[in-house]
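Peer 1: For reference, the structure I am asking about is given below.
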2 protein chains.
Amino acid sequence: MLASKVIPAKDAGADRASRTVISVDAMGGDRGPAAVVSGCARFARNTDGVGFILHGPKDVLEGLVSRRKPLAGLCKVRHSDRTVTMDAKPSHVMRNGKDTSMWSAIDSVRNGEAEACVSCGNTGALMAISMMRLRKLDGINRPAIACLWPRREKEGFNIMLDVGADIRADGDDLLQFALMGTSYARNGLELARPRVGLLNVGTEEHKGRAELKIANDLIAAAAPAGEFDYIGFIEGGDIPAAHVDVIVTDGFTGNVALKTAEGTADQIREFLRSAFAATPLSRIAALIAYTSLNRLSKRIDPRRVNGGVFLGLDGIVVKSHGGADAKGTEAAVKLAFNLARSRFSQRVAARVASATAVRQDRSNGQSGNGAGK
Amino acid sequence: MLASKVIPAKDAGADRASRTVISVDAMGGDRGPAAVVSGCARFARNTDGVGFILHGPKDVLEGLVSRRKPLAGLCKVRHSDRTVTMDAKPSHVMRNGKDTSMWSAIDSVRNGEAEACVSCGNTGALMAISMMRLRKLDGINRPAIACLWPRREKEGFNIMLDVGADIRADGDDLLQFALMGTSYARNGLELARPRVGLLNVGTEEHKGRAELKIANDLIAAAAPAGEFDYIGFIEGGDIPAAHVDVIVTDGFTGNVALKTAEGTADQIREFLRSAFAATPLSRIAALIAYTSLNRLSKRIDPRRVNGGVFLGLDGIVVKSHGGADAKGTEAAVKLAFNLARSRFSQRVAARVASATAVRQDRSNGQSGNGAGK
């Protein structure tokens, strides 16, 4: 079913063993494989030590790769005929998706051929396949999906997790989410000392479910050794706030919040469109304001929020936007590469092991964790 | 602490016993008691059979009432010195709020002097006092707060409950929310056959928490006798959808979803403002588009979503917008009056009793419920 082709390295001196290999699902995005291959080429032009395994129809991909000089010698193409469509049900893909480019891309990470996977295909299906095919890291109870949430008061993003890997999380799981999220913030967003908030229905300490009170204590206790600041409970309206970087919640609540925000943004886009179409004068105003509106439209595009990184698995999976162009793909590949290079997965595992050790023996007074960032 | 004054009825023939009395917290709104009293007068001018108990500083309120002819003979004023401020913590108000106008307004319902309460004050405090001071209806396990959510594709609102009365709900509670929500849709929004959806992280039947699967079966089974349509699971993005009228969820999830949507709407308003301030040309466009933008602003005003009705209590409590003017207050009073007149609370109790009976003895084949609407 799978065919593979190694394109010989143009640089005979390249040390293949030192390359960080990214497995890229070239199919399933709105702009087709050309944008994806072009994005990989952009990244390879500026970065040493990257390699790619591209998944999709062999003829198409080899044609695209051969026209991109920066990719010469850096790409394998792994053939697959089928693509996961945007409207495919995750449960259906899990049963019938074995010969799709997405499945193949995840399996390259599973097999150890690649350290990270990037796909701009169907989010739900990618989550489902990743959770099923990749092993959990040692010490992780429950992997999580982290999304980037546009920040309110300035450019940039907050991280929220879990947004749908699982529908439940107890106090210990929420502590692990805090540790994985801060590690992601450090290695992915380059924040030295992330600020963590725990999503609840109020900011008063006695509020919320029992597991939130437990998590509140656990996360506060882990903050000094974990080198992050814990700001306590936050509410739904604070998710885009500038006073927090990492928002911790269970996958049910996180998923509802994410989809509610996307739905609200979509709804306001429609309201905006109809407001500007209401009268001839407002249509003229819309023309004049075209650039501003376009800028706004980009900021509230739900697809920008839709990206996700899967944390707690033995391998990194980055979901790029469905509408990503070459530049968008480059950014996703860069994130995957940086996380892989920083040995992110191993660091997460070390952080979690360290926090567990600290918890089990707090009286030691140990403060370091030796897990790097 | 409380002083009361009965203004003699101008119409000696008025049958006081047949009046539906609304208890109105005149304080705590952004526009002060004048807007509230004016709203009551607007309603009284067009409606027979209403009476009011107004709560707040006696001198101020009597002065305002005496200038409104339609209110002559219809109002009692109940003195209270203190007002619950918008930034007061609900837990603080519960401990220290006994002599506030809000507390006094709820207690008039508790004492049986009034059938419904209207307040435009602090939402959290109003919820907390209502839940504490009003008894639960017979057969109701868990009262709920229903909010109105602006609908996506046309004018109008969907109903979501619970948005924060409690943080948990089992399968039976969610069934009761469906019954209370449809009763509210019929008596408050005049929908003959409401469509009910259950909030989940996916629309596939096997998704979600255990209590959601139980509720899914219970609500589907109750739909024929309950005279509503059950459309199954919906996701966060569907809350404003036109294919559903009543969205059922637990108070934790509902509260996070509501606040997340409010936060998103707020955020986009800020983005919009900065987009239109970006360049001289865009500022001119904003001037030209002033009316359209104003229209949009009203549609995405979080305060419009903020209204809530408390269901399952022995007495009706309607939260009006903090920024409500006379017209807004009139609408809130009208909703409270209609719900009280339709004997809404009793109907909810009957619906719940009937559904419980149907559930306990489904083999009877009984289909009616005799509970009216």
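Peer 1: Give the range B:218-249 a look and list any residue that's assigned to a strand (DSSP E or B), β-branched (Val, Ile, Thr) and out of contact with any Pro (no Cβ under 7 Å at 6 or more places or on another chain), or say none. So that I can check it myself, show each step before the final result.
Peer 2: As a first pass, look at the range B:218-249 and keep what is assigned to a strand (DSSP E or B): B:229-234, B:246-248.
Restricting the remaining residues to those that are β-branched (Val, Ile, Thr) gives B:231, B:234, B:246-248.
Scanning the range B:218-249 gives B:Ile231, B:Ile234, B:Ile247, B:Val248.
Peer 1: Do you know which residues across the range B:318-338 are buried (at least 24 other Cβ atoms within 10 Å of the Cβ) and closer than 13 Å to B:Tyr184 by Cβ?
Peer 2: The answer is B:Val318, B:Ala336.
Peer 1: Testing B:Asn158 on (1) among the polar types (S, T, N, Q); (2) under 18 Å from the mean Cα position of the chain (by Cα); (3) more than 13 Å from chain A (Cβ to nearest Cβ), one condition comes back false. Which one is that?
Peer 2: All conditions pass for B:Asn158, except number (3).
Peer 1: Being in contact with a Leu (Cβ under 9 Å, 6 or more places away or on another chain) and buried (at least 24 other Cβ atoms within 10 Å of the Cβ) is the filter; apply it to the range B:105-114 and report the residue that is farthest from B:Ser345 (Cα to Cα).
Peer 2: B:Ala105
Peer 1: Restricting attention to the range B:241-250, which residues are open to solvent by 20 Å² or more (accessible area, probe 1.4 Å) and either touching a strand residue (DSSP E or B) at 6+ places or on another chain (Cβ under 7 Å) or among the β-branched types (Val, Ile, Thr) (or both)?
Peer 2: If the condition is that a residue be open to solvent by 20 Å² or more (accessible area, probe 1.4 Å) and either touching a strand residue (DSSP E or B) at 6+ places or on another chain (Cβ under 7 Å) or among the β-branched types (Val, Ile, Thr) (or both), then B:His243 is the only one that fits.
Peer 1: While we're here: With B:Arg193, B:Arg186 as the choices, which residue is more than 10 Å from chain A (Cβ to nearest Cβ) and not in a helix (DSSP H, G or I)?
Peer 2: Just one listed residue meets the conditions, B:Arg193.
Peer 1: Further question: Could you figure out which of (1) over 25 Å from B:Thr356 (Cα atoms); (2) among the hydroxyl-bearing types (Ser, Thr, Tyr); (3) open to solvent by 20 Å² or more (accessible area, probe 1.4 Å) isn't true of B:Thr260?
Peer 2: Failing condition for B:Thr260: (3).
Peer 1: May I ask you to verify whether B:Gly124 is surrounded by fewer than 24 Cβ atoms within 10 Å (Cβ to Cβ), within 19 Å of B:Gly312 (Cα to Cα), away from chain A (no Cβ under 12 Å) and free of Cβ contacts under 8 Å to residues at least 60 places away in the same chain? Walk me through how you get there before you give the answer.
Peer 2: On the way: surrounded by fewer than 24 Cβ atoms within 10 Å (Cβ to Cβ): yes; within 19 Å of B:Gly312 (Cα to Cα): yes; away from chain A (no Cβ under 12 Å): no; free of Cβ contacts under 8 Å to residues at least 60 places away in the same chain: yes.
No: the conditions fail for B:Gly124.
Peer 1: Need the failing condition index for B:Asp245 against (1) facing another protein chain (nearest Cβ under 7 Å); (2) among the acidic types (Asp, Glu); (3) over 27 Å from A:Ala125 (Cβ atoms), just the number.
Peer 2: (1)
Peer 1: Would you check which residues across the range A:308-355 are within 25 Å of A:Asp250 (Cβ to Cβ), assigned to a helix (DSSP H, G or I) and either of a type in the set (A, V, I, L, M, F, W, C) or in contact with a Leu (Cβ under 9 Å, 6 or more places away or on another chain) (or both) and list them?
Peer 2: Within the range A:308-355, A:Leu335, A:Leu339, A:Phe344, A:Ser345, A:Val348, A:Ala349, A:Ala350, A:Arg351, A:Val352, A:Ala353, A:Ser354, A:Ala355 qualify.
Peer 1: Return the residue satisfying two criteria in turn: it lies in the range B:224-240 and is aliphatic (A, V, I, L, M) and open to solvent by 10 Å² or more (accessible area, probe 1.4 Å), and of such residues it is farthest from the other protein chains (Cβ to nearest Cβ).
Peer 2: Checking each candidate, the answer is B:Ala225.
Peer 1: Among (1) within 20 Å of the chain's Cα centre (by Cα); (2) farther than 26 Å from B:Glu330 by Cβ; (3) within 14 Å of chain A (Cβ to nearest Cβ), where does B:Arg95 come up short?
Peer 2: If we test B:Arg95 against (1) within 20 Å of the chain's Cα centre (by Cα); (2) farther than 26 Å from B:Glu330 by Cβ; (3) within 14 Å of chain A (Cβ to nearest Cβ), just (1) comes out false.
Peer 1: Can you work out which of the residues in the range A:199-221 that are away from every other protein chain (no Cβ under 12 Å) and open to solvent by less than 10 Å² (accessible area, probe 1.4 Å) is farthest from A:Val348 (Cα to Cα)?
Peer 2: Checking each candidate, the answer is A:Ala215.
Peer 1: Collect the residues in the range A:185-198 that are modelled with pLDDT under 90 and either open to solvent by 40 Å² or more (accessible area, probe 1.4 Å) or among the small types (Gly, Ala, Ser) (or both), keeping them in residue-number order.
Peer 2: A:Gly188, A:Leu189, A:Glu190
Peer 1: For B:Asp173, state whether it is of a type outside the set (A, V, I, L, M, F, W, C), within 14 Å of chain A (Cβ to nearest Cβ) and in contact (Cβ under 8 Å) with a residue 24 or more places away in the chain.
Peer 2: no
Peer 1: A further question on this structure: If only one of B:Asp59, B:Asp138 is modelled with pLDDT under 90 and either out of contact with any Leu (no Cβ under 7 Å at 6 or more places or on another chain) or open to solvent by less than 70 Å² (accessible area, probe 1.4 Å) (or both), which one is it? I'd like the intermediate steps shown before the answer.
Peer 2: Details: B:Asp59 fails: modelled with pLDDT under 90.
Unique residue meeting the criteria: B:Asp138.
Peer 1: Next up: Every residue in the range B:66-99 that is open to solvent by less than 10 Å² (accessible area, probe 1.4 Å), touching a helix residue (DSSP H, G or I) at 6+ places or on another chain (Cβ under 9 Å) and over 20 Å from A:Gly202 (Cβ atoms), please.
Peer 2: B:Leu71, B:Cys75, B:Val77, B:Ser80
Peer 1: Could you please find all residues in the range B:339-373 being open to solvent by 90 Å² or more (accessible area, probe 1.4 Å), within 24 Å of B:Asp173 (Cβ to Cβ) and modelled with pLDDT of 70 or more?
Peer 2: Result: B:Arg343, B:Gln346.
Peer 1: Working only within the range A:136-155, note down all residues that are within 13 Å of chain B (Cβ to nearest Cβ) and touching a Pro at 6+ places or on another chain (Cβ under 8 Å).
Peer 2: Answer for the range A:136-155, where residues must be within 13 Å of chain B (Cβ to nearest Cβ) and touching a Pro at 6+ places or on another chain (Cβ under 8 Å): A:Trp149, A:Pro150, A:Arg151, A:Arg152.
Peer 1: Still on this structure, please answer the following. Which residues, counting only those in the range A:164-183, are in a loop (DSSP other than H, G, I, E, B) and of a type in the set (A, V, I, L, M)?
Peer 2: A:Ala165, A:Ile167, A:Ala169, listed by residue number.
Peer 1: Out of the residues in the range B:271-285 that are at the interface with chain A (Cβ under 7 Å from one of its Cβ atoms) and part of a helix (DSSP H, G or I), state the one that is most open to solvent (accessible area, probe 1.4 Å).
Peer 2: Among them, the one singled out is B:Leu281.
Peer 1: List every residue pair whose Cβ atoms lie under 6 Å apart, where the two residues are 6 or more positions apart in sequence or sit on different chains, the first residue falls within the range A:238-253 and is in contact (Cβ under 8 Å) with a residue 12 or more places away in the chain, and the second residue, located anywhere, is outside any loop (DSSP other than H, G, I, E, B) and among the basic types (Lys, Arg).
Peer 2: What qualifies is A:Val244/A:Arg195; A:Asp245/A:Arg195.
Peer 1: Moving on. Examine the range A:303-317 for a residue that is at pLDDT 65 or above, out of contact with any strand residue (DSSP E or B) (no Cβ under 9 Å at 6 or more places or on another chain) and either among the hydrophobic types (A, V, I, L, M, F, W, C) or open to solvent by 10 Å² or more (accessible area, probe 1.4 Å) (or both), and state whether such a residue exists.
Peer 2: First pass over the range A:303-317, keeping only residues at pLDDT 65 or above: A:308-317.
Next, only the ones that are out of contact with any strand residue (DSSP E or B) (no Cβ under 9 Å at 6 or more places or on another chain) stay: none.
No; the residues of the range A:303-317 include none that is at pLDDT 65 or above, out of contact with any strand residue (DSSP E or B) (no Cβ under 9 Å at 6 or more places or on another chain) and either among the hydrophobic types (A, V, I, L, M, F, W, C) or open to solvent by 10 Å² or more (accessible area, probe 1.4 Å) (or both).
Peer 1: Would you be able to tell me the number of residues in the range A:72-97 that are on the phi < 0 side of the Ramachandran plot and either in contact (Cβ under 8 Å) with a residue 40 or more places away in the chain or β-branched (Val, Ile, Thr) (or both)?
Peer 2: Result for the range A:72-97: 13.
The values are calculated or read from the model by the stated rules, or taken from the named source; none is laboratory data. Just so it is clear, the model here is predicted, and its values are computed rather than measured. Note that each Cβ is placed from the backbone with ideal geometry, even for glycine, and that neighbours are counted across all protein chains shown. SASA here: full protein model, heavy atoms, side chains in, ligands and nucleic acids out. Shrake-Rupley method; radii C 1.70, N 1.55, O 1.52, S 1.80 Å.
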